[in-house]
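Enquirer: Right, I'll just put the structure down here and ask away after.
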Amino acid sequence: MFITFEGTEGSGKSLQARRLSERLRAQGRVVLLTHEPGGTPLGTELRGLLLHRDELQLTGRAEALLMNASRAQLVETLIRPALERGEFVVCDRFADSTLAYQGAGRGLDGQELASVISFATAGLQPDMTMLLDVPVEVGLARKHVQDQRNRFEAEALAFHTRVRAAYLAQAHADPQRWWCFDGTEPPDSLADSIWQTVMERMGRRT
Ligand code: TMP
């Protein structure tokens with residue numbers, strides 16, 4: 001089972017991805033917990049360029065391609081092999097981030113992005129996607145506490161508002177794959193809700 005977490009800045013998805021992985025492992029399941037951009041040596045290099053190198057002045061298209069270069073490497077070297085071994089894969093962000101950030105955020109064409117994504121992933125799609133939805137001001141304020149904003153966090157409020165709306169629209173359009181959670185809920189109760197959702201879905205599959 002391939003489970004992804006999505007959300008705007010400071011939505012708490014990384015914590016929840018970790019919590020879900022821990023719970024699955026406690027049940028004796030083998031879990032690959034990974035993240036995008038990153039997760040491989042190439043991905044880690046690209047993450048550094050994408051998040052912190054303002055002076056490169058990446059264009060939207062270059063940004064989209066680098067995100068997908070990281071994704072291609074991660075899918076082929078880690079995610080697909082793990083799924084083929086029958087393991088769980090939990091990924092903190094995946095292709096839907098490109099549609100939300102480079103599509104709605106940067107204004108690139110969704111269909112063109114979809115074909116780049118399809119090339120990068122060779123068609124791999126998550127079985128379940130957890131959207132942690134938070135008002136953008138709330139999420140950014142959480143990040144502000146951490147004090148070091150990356151290239152994306154430093155974008156204007158309007159950018160993040162478009163990203164959030166795009167996520168909600170994607171979730172609405174495909175309720176078979178997406179589950180939407182209120183990211184302002186306490187982390188423990190969120191973790192319980194996500195756990196229940198995964199257990200229910202697994203029950204349906206077996
Ligand atoms: P995060 O994973 O620590 O939240 O940060 C990664 C940043 O990269 C985040 O601001 C969203 C952005 N991003 C994209 O713009 N497109 C993508 O395809 C991915 C995976 C991430």
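The values are calculated or read from the model by the stated rules, or taken from the named source; none is laboratory data. Remember, predicted model here, so these are calculated numbers, not experimental data. Please note: Cβ atoms are built from the backbone with ideal geometry, for glycine as well, and neighbour counts cover all protein chains shown. Quick note on the areas: whole protein, heavy atoms, side chains included, nothing else; ligands and nucleic acids left out. Shrake-Rupley method; radii C 1.70, N 1.55, O 1.52, S 1.80 Å.
Enquirer: What's the total number of residues in segment 35-44 that are away from the ligand (no atom under 14 Å from the Cβ) and more than 14 Å from T77 (Cβ to Cβ)?
Expert: Qualifying residue count for the region: 0.
Enquirer: Among the listed residues R164, R142, R151, R177, which satisfies the condition of being within 24 Å of L50 (Cα to Cα), touching a Pro at 6+ places or on another chain (Cβ under 9 Å) and touching a residue at least 40 places away in the same chain (Cβ under 8 Å)?
Expert: Exactly one residue qualifies, and that residue is R164.
Enquirer: Only one of (1) more than 18 Å from the chain's Cα centre (by Cα); (2) surrounded by 18 or more Cβ atoms within 10 Å (Cβ to Cβ) fails for M128. Which number is that?
Expert: The single condition M128 does not satisfy is (1).
Enquirer: Ok, one more. If you go through segment 181-204 one residue at a time, do you hit one that is open to solvent by 60 Å² or more (accessible area, probe 1.4 Å), over 26 Å from S21 (Cβ atoms) and in a helix (DSSP H, G or I)?
Expert: Looking for residues that are open to solvent by 60 Å² or more (accessible area, probe 1.4 Å), over 26 Å from S21 (Cβ atoms) and in a helix (DSSP H, G or I), one finds none in segment 181-204, hence no.
Enquirer: Any residue in segment 47-58 that's touching a residue at least 40 places away in the same chain (Cβ under 8 Å): show its pairings with residues that are part of a helix (DSSP H, G or I) and among the acidic types (D, E) at Cβ separation under 9 Å, as long as the two are six or more apart or on different chains.
Expert: Note: pairs meeting the criteria are L50/E63.
Enquirer: Quick check on A100: is it open to solvent by less than 30 Å² (accessible area, probe 1.4 Å) and in contact with a helix residue (DSSP H, G or I) (Cβ under 9 Å, 6 or more places away or on another chain)? Even if it seems obvious, please write down each step before you answer.
Expert: On the way: open to solvent by less than 30 Å² (accessible area, probe 1.4 Å): yes; in contact with a helix residue (DSSP H, G or I) (Cβ under 9 Å, 6 or more places away or on another chain): yes.
Judged against the criteria, A100 is a match.
Enquirer: A follow-up question, please. Identify the single condition in (1) on the phi > 0 side of the Ramachandran plot; (2) more than 10 Å from the ligand (Cβ to nearest atom); (3) open to solvent by less than 40 Å² (accessible area, probe 1.4 Å) that L32 does not satisfy, given that it satisfies every other one.
Expert: Condition not satisfied by L32: (1).
Enquirer: For segment 104-121, state whether one or more residues are open to solvent by 60 Å² or more (accessible area, probe 1.4 Å), of a type in the set (K, R), within 11 Å of the ligand (Cβ to nearest atom) and touching a Gly at 6+ places or on another chain (Cβ under 6 Å).
Expert: Looking through segment 104-121, at least one residue is open to solvent by 60 Å² or more (accessible area, probe 1.4 Å), of a type in the set (K, R), within 11 Å of the ligand (Cβ to nearest atom) and touching a Gly at 6+ places or on another chain (Cβ under 6 Å).
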